[in-house]
Amino acid sequence: MAGSGSTYQDAAARQPGRTRLGSRLAALFAAAGLLVAAFVFAPAAGASTQRGLLDLTCTVPSSEATTYKPPLTLTSQDVTFSSTVQYGPCVSLSRPEISSGSRSLQVLTPDRSCLTLLETAVSDFTITWNTGRTSTVSGHRTATVVGAALVVTVTGNVTSGVFAGDSVVQTSTGPATDILACTLGLGSVDSVYSTVTLEITSL
């Protein structure tokens with residue numbers, strides 16, 4: 001019995017130490033939780049600030065129809081390039097009156113082949129909105145073939161008009177079958193139809 005009493009007293013004497021240890025561990029876990037939360041959420045907030053405000057977005061069925069006369073082949077030649085882009089539906093919080101837009105271009109371009117479709121190039125154009133106002137965009141065009149799709153991306157800025165000073169990202173996605181065949185010398189490209197998305201973001 002004496003041994004049992006001694007063991008009980010020793011355990012009781014050690015209990016405050018365990019309590020202090022538990023409190024320290026709880027405080028340590030709480031501090032670690034705050035540190036993890038700061039690490040996870042602080043970059044997201046910073047990224048949101050740097051990204052800016054999405055002033056306008058246009059989604060599918062926005063589209064681009066492009067034709068080449070004569071059709072593109074592996075041999076370079078002068079080609080009349082015609083393009084019509086229809087934007088809509090478009091949504092803008094800063095300009096709620098804007099719901100759609102369009103642009104068109106027809107130009108004779110020298111030394112064009114199906115290989116030039118995949119080249120990086122300057123891309124400047126003006127969008128006319130349904131309100132009658134315009135946005136002039138100055139950007140760069142890049143094109144890649146992803147699987148069976150041709151993905152063309154234009155990145156740049158609005159240099160004048162509505163949304164002046166904002167950044168622009170336009171992505172066009174269309175079939176690449178004819179283009180791939182043409183680059184292998186197995187056909188020609190007379191037209192490309194693509195779906196389009198457009199984002200205009202304040203800096």
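The values are calculated or read from the model by the stated rules, or taken from the named source; none is laboratory data. Note that the coordinates shown come from a computational prediction; the quantities given were computed from them, not determined experimentally. Heads up, the Cβs are rebuilt from the backbone with ideal geometry, glycines too, and the neighbour counts pull from every protein chain shown. All accessible areas refer to the heavy atoms of the entire protein, side chains included, with ligands and DNA or RNA removed. Shrake-Rupley method; radii C 1.70, N 1.55, O 1.52, S 1.80 Å.
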Cβ pairs under 9 Å, 6+ apart or interchain, first in the range 110-128 and closer than 16 Å to residue 184 by Cβ, second charged (D, E, K, R), ordered by first then second residue, are 114/178
Flagged in the range 120-155 as open to solvent by less than 20 Å² (accessible area, probe 1.4 Å), among the small types (Gly, Ala, Ser) and within 21 Å of residue 91 (Cβ to Cβ), in numbering order, are 135
Any chance you could count how many residues in the range 53-84 are touching an Asp or Glu at 6+ places or on another chain (Cβ under 6 Å) and either within 19 Å of residue 127 (Cβ to Cβ) or of a type in the set (A, V, I, L, M, F, W, C) (or both)?
2
Is it true that residue 179 is closer than 17 Å to residue 103 by Cα, in contact with a strand residue (DSSP E or B) (Cβ under 7 Å, 6 or more places away or on another chain), hydrophobic (A, V, I, L, M, F, W, C) and open to solvent by less than 70 Å² (accessible area, probe 1.4 Å)?
no
Is it fair to say residue 54 is touching a Leu at 6+ places or on another chain (Cβ under 9 Å) and either small (Gly, Ala, Ser) or modelled with pLDDT under 95 (or both)?
yes
Which of the residues that make up the range 56-100 are over 14 Å from residue 162 (Cβ atoms), open to solvent by less than 30 Å² (accessible area, probe 1.4 Å) and not in a strand (DSSP E or B)?
62, 88
Name the single residue that is nearest to residue 81 (Cα to Cα) among those in the range 100-119 being at pLDDT 95 or above and of a type in the set (S, T, N, Q).
106
Among the residues of the range 105-127, write down those that are over 20 Å from the mean Cα position of the chain (by Cα) and within 17 Å of residue 158 (Cα to Cα).
126
Counted residues in the range 107-118 being farther than 15 Å from residue 192 by Cβ and open to solvent by 60 Å² or more (accessible area, probe 1.4 Å) come to 3
